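The values are calculated or read from the model by the stated rules, or taken from the named source; none is laboratory data. Only a predicted model underlies this, so the values are computations on that prediction, with no experimental measurement involved. FYI the Cβ positions are ideal-geometry reconstructions off the backbone, even for glycines, and counts take in every protein chain you see.
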Amino acid sequence: MPRYLLVAALGVCLMLLAGGCKGRQRRVAVQQTDEESGALSSVLYMADPKAAPQLLKGFHSVEGNAWRWTMGNFAVALKPPRNAAVRGATLRLKFAVPDAVISTTKKLTLSCSVNGTALQPETYTQAGDYEYTRDVDAKLLAADAVNVEFALDKFIPAGTLESRELGVIASSVAFEAK
């Protein structure tokens, strides 16, 4: 038998054998994470680009890879933590009042509402880092998304120090499970 026919026959045999050996096939289930699916988060870090869709209004671009200036009124949408509709949650806004703001305004009061219900405001008279923390009643956390609106009674209007309206410097906002 000529050599080329032998090589061809051997090749055909190998292809037939390879086609018959399928082995076990495994199915792999791929699950999307909350971050990939676009689901809301309970914690927003201002430097995280994934947080942007939940910043509803009143935030400027990320600065220093860590924080954002706010305007006088700013709002976010947050996912309530697990069991928050039963136990309630704690709202935490981490922010700074810069020297430039407090020297202009002398003092400022931060107010907040969760789904339209006002929480206790807080007044600041010195520059520094702060955490606005309030307990949120369970009845306000029954939805999949909760609107949290903040308002400053005083802020720096656009055109005073720069072209933007300036409030406080926000680094994160979150609901924490109780």
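The condition of being touching a residue at least 12 places away in the same chain (Cβ under 8 Å), surrounded by fewer than 18 Cβ atoms within 10 Å (Cβ to Cβ) and touching a Ser or Thr at 6+ places or on another chain (Cβ under 7 Å) holds for only one of Asp99, Asp135, that being Asp135.
The criterion of at least 2 residues that are modelled with pLDDT of 95 or more is met by the following helices (runs of 4 or more DSSP H) wholly inside segment 34-138: 84-87, 99-105. For segment 155-178, the candidate set comprises residues that are crowded, with 16+ Cβ neighbours inside 10 Å and assigned to a loop (DSSP other than H, G, I, E, B); within that set, the residue that is farthest from the chain's Cα centre (by Cα) is Phe155. Note on segment 138-162: residues that are over 17 Å from Pro98 (Cα atoms) and not β-branched (Val, Ile, Thr) total 12. Restricting attention to segment 40-72 and to residues that are under 15 Å from Lys94 (Cα atoms) and of a type outside the set (A, V, I, L, M, F, W, C), the residue that is surrounded by the fewest Cβ atoms within 10 Å (Cβ to Cβ) turns out to be Asp48. The set of residues from segment 112-132 being of a type in the set (Ser, Thr, Tyr), over 21 Å from the mean Cα position of the chain (by Cα) and surrounded by fewer than 18 Cβ atoms within 10 Å (Cβ to Cβ) comprises Thr117, Thr123, Thr125. Residue-level check: of (1) farther than 15 Å from Leu141 by Cα; (2) touching a helix residue (DSSP H, G or I) at 6+ places or on another chain (Cβ under 6 Å), Met46 misses just (2).
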